[in-house]
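Participant: Sending over a structure as structure tokens; questions will come in a sec.
The values are calculated or read from the model by the stated rules, or taken from the named source; none is laboratory data. From a predicted model like this one, the values you see are computed outputs, not experimental measurements. Every residue, glycine as well, gets a Cβ built from its backbone with ideal geometry; the counts of neighbours run over all protein chains shown. Surface areas here come from the heavy atoms of the whole protein model, side chains and all, with no ligands, DNA or RNA. Shrake-Rupley method; radii C 1.70, N 1.55, O 1.52, S 1.80 Å.
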Amino acid sequence: MRKAPDFERMKNDGLPISVITCYDYWSARIINQTNIDMVLVGDSLAMVMHGHKNTIPATVDLMVTHTESVLRGATDKFIVTDLPFLSYRKGMSQAIDVVHRVMEAGAHAVKLEGAAGNLEFIAHLVESGIPVMGHVGLVPQSVHVLGGFKAQGVTEENAEYILESAVSLEKAGCFSVVLECIPATLGQSITNRLKIPTIGIGAGPHVSGQILVLHDLLGLNDEFKPKFAKQYLNGLDLIKRALNDFDDEVKKGAFPTDIHSF
Ligand code: KIV
């Protein structure tokens, strides 16, 4: 299993890092049998698993339950869990209780969004032995401030803000930082400026690693098809075909046969 310090070594050695979201036991078991380097129990589970319009309804209880399920399946993977909306903005003591619960559930690291207002908390977590992943650019928990799920860093001023945020996250002790939906040139500048690895999602090819949402990669999501999400499988069609084959055979009396009967 890879450990937090391995990822900076991978960046130094020019080895790209692959990260995938995972929310449940059965997909964790599949991912565990692959070469994927890191797993994120993302708060995107609010949308993908629970049908919400954004990540804001994710709760600490949900993140804990999903982390426990992922841990049972992805026994050989480095697991990062997202801290949900506002859970780390209610004062140091409450925020630490949240991290405590997530780490007890089996996470090896936590991820949180943005730098402003989080740096002291991040430094405290790192001093307390908890690896922290940062997240800048399109930070979905701030969807209402950003005015939607839109590319960030397109003006010079905002690009500078994102770059400085990433630098401050490194200074606070983050072991890596997610760059979401920013111009490829900005992804490259941040990656060159930082020692820690950058994990891109819609941040172009010149970053230290890439993350995708599992359900986007498998083609299971027909509601939301972001430009950056490459589909490696038409999972939706495959699954629908299998279910319709079952339905067809049940209705024709072709299933079960003797092989499936006692
Ligand atoms: O919640 C999530 O899945 C994420 C990734 C898309 C980076 O934050």
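Participant: Identify the residue in region 48-84 that is of a type in the set (Ser, Thr, Tyr) and part of a helix (DSSP H, G or I) and, among all such residues, is farthest from LYS3 (Cα to Cα).
Facilitator: THR65
Participant: Hey, another quick one. So which of LEU112, LEU83, LEU138, LEU146 is without any contact (Cβ under 8 Å) to a residue 24 or more places away in the chain and within 16 Å of the ligand (Cβ to nearest atom)?
Facilitator: Exactly one of LEU112, LEU83, LEU138, LEU146 is without any contact (Cβ under 8 Å) to a residue 24 or more places away in the chain and within 16 Å of the ligand (Cβ to nearest atom), namely LEU146.
Participant: Something else about it: If you check LEU138, LEU146, which single one turns out to be closer than 25 Å to LYS90 by Cβ, out of contact with any His (no Cβ under 8 Å at 6 or more places or on another chain) and either surrounded by fewer than 22 Cβ atoms within 10 Å (Cβ to Cβ) or among the basic types (Lys, Arg) (or both)?
Facilitator: LEU146
Participant: For region 11-31, name all the residues that are open to solvent by 90 Å² or more (accessible area, probe 1.4 Å) and among the aromatic types (Phe, Trp, Tyr).
Facilitator: Answer for region 11-31, where residues must be open to solvent by 90 Å² or more (accessible area, probe 1.4 Å) and among the aromatic types (Phe, Trp, Tyr): TYR25, TRP26.
Participant: Being surrounded by fewer than 21 Cβ atoms within 10 Å (Cβ to Cβ) and modelled with pLDDT of 95 or more is the requirement here; does ALA151 meet it?
Facilitator: Considered against the rule, which asks whether it is surrounded by fewer than 21 Cβ atoms within 10 Å (Cβ to Cβ) and modelled with pLDDT of 95 or more, ALA151 comes out as yes.
Participant: So, one more: Given the residues ALA203, ALA159, which is the only one that is surrounded by fewer than 20 Cβ atoms within 10 Å (Cβ to Cβ) and either away from the ligand (no atom under 16 Å from the Cβ) or part of a loop (DSSP other than H, G, I, E, B) (or both)?
Facilitator: The match here is ALA159.
Participant: Give region 218-262 a look and list any residue that's within 16 Å of ILE20 (Cα to Cα) and among the aliphatic types (A, V, I, L, M), or say none.
Facilitator: LEU218, LEU220, ALA229, LEU233
Participant: Test of understanding: among HIS108, HIS124, which residue is under 15 Å from the mean Cα position of the chain (by Cα) and open to solvent by 30 Å² or more (accessible area, probe 1.4 Å)?
Facilitator: Going through HIS108, HIS124 in turn, the sole match is HIS108.
Participant: Follow-up. Inside region 114-155, can you point out the residues that are in contact with a strand residue (DSSP E or B) (Cβ under 9 Å, 6 or more places away or on another chain) and either assigned to a loop (DSSP other than H, G, I, E, B) or outside the structural domain of VAL207 (by TED's automatic domain parsing) (or both)?
Facilitator: Scanning region 114-155 gives GLY114, ALA115, ASN118, ILE130, PRO131, LEU138, VAL139, ALA151, GLN152, GLY153.
Participant: Suppose we keep only residues that are aliphatic (A, V, I, L, M) and not in a helix (DSSP H, G or I) within region 222-262. Which one would you say is most open to solvent (accessible area, probe 1.4 Å)?
Facilitator: Of everything passing the filter in region 222-262, LEU233 is most open to solvent (accessible area, probe 1.4 Å).
Participant: Quick check on GLY204: is it in contact with a Gly (Cβ under 8 Å, 6 or more places away or on another chain), of a type outside the set (D, E, K, R) and more than 21 Å from VAL41 (Cα to Cα)?
Facilitator: yes
Participant: Mind checking which residues of region 32-69 are open to solvent by less than 10 Å² (accessible area, probe 1.4 Å) and away from the ligand (no atom under 14 Å from the Cβ)?
Facilitator: Matches in region 32-69: none.
Participant: So, in region 12-31, how many residues would count as being within 15 Å of the ligand (Cβ to nearest atom) and either out of contact with any helix residue (DSSP H, G or I) (no Cβ under 8 Å at 6 or more places or on another chain) or in a strand (DSSP E or B) (or both)?
Facilitator: 5
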